[in-house]
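Below is one structure, written out as structure tokens, with a few remarks after it.
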Amino acid sequence: MNNILSPRSVLRRIARGLALAGVIGAFALAGISTASAQATAGAVFGKAPVGYSIAVRSDSTGAGRTVKVDSSGRYSARELPTGTYTVTLKQSDQAVAKHLNVPVIAGRGVEVDFNCSEIKCNEVANTQ
């Protein structure tokens, strides 16, 4: 006899429901941890002369990274901890221009452009 209300059938449906709830819960937790990880970092991006590099350094910790300007004149430094940064345009590891006190906010990007018509890209900046 295959009755829908038999104890064995009821137990199977309960077990399936619990398993489904566990899988849904696991996916929900994975989504929460991903969202919170993204919300603790920001980015600096912008335009700069092709062939240069951009150094992004935290004013408080000194941590940061250097990224290359791509062939379209764009750069991006992602996953930066929140804080205030100095963004430096470099050519052959020599500082050419700087933007000071650039705020990096969680979950956002800030645009910092270097335009050679406004700055003298062929001169090394005073880094003292």
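The values are calculated or read from the model by the stated rules, or taken from the named source; none is laboratory data. Everything numeric in this text was worked out from a predicted model, so none of it was measured. No Cβ is skipped: glycine too gets one built from the backbone with ideal geometry, and neighbour counts run over all protein chains shown. Only protein heavy atoms, including side chains, enter the accessible area calculation; ligands, DNA and RNA are left aside. Shrake-Rupley method; radii C 1.70, N 1.55, O 1.52, S 1.80 Å.
Between beta-carbons, use under 15 Å as the cut-off and find the net charge around Gly42, counting Lys and Arg +1, Asp and Glu -1.
Taking every other residue near Gly42 into account, the sum is +1.
Can you tell me the accessible area per residue over the range 46-128, all protein chains present, probe 1.4 angstrom, in square angstrom?
Per residue, the range 46-128 has an accessible area of 62 Å².
What does the net charge come to around Pro81 if you take all other residues with beta carbon closer than 14 Å to its beta carbon, with K and R at +1 and D and E at -1?
Net of charged neighbours comes to +2.
Once R0 is set to 35 Å, what does the formula 1/(1 + (r/R0)^6) return for the Cβ-Cβ distance between Ala28 and Arg57, expressed as a FRET efficiency to the nearest 0.05?
0.40
With contacts defined as alpha carbon pairs under 8 Å and 6 or more residues apart, what's the relative contact order of the range 47-128 in percent?
For the range 47-128, the relative contact order is 29 percent.
Just to make sure I understand: if all protein chains stay in place, what is the order of Glu79, Glu118 by accessible area at 1.4 Å, largest first?
Largest to smallest exposure gives the sequence Glu118, Glu79.
Under the Karplus relation 6.51 cos²θ - 1.76 cosθ + 1.60, θ = phi - 60°, what is the ordered set of whole-Hz ³J(HN,Hα) values for the range 106-115, x standing for Gly and Pro?
Result, ordered by residue: 4, x, 10, x, 10, 8, 10, 9, 10, 10 Hz.
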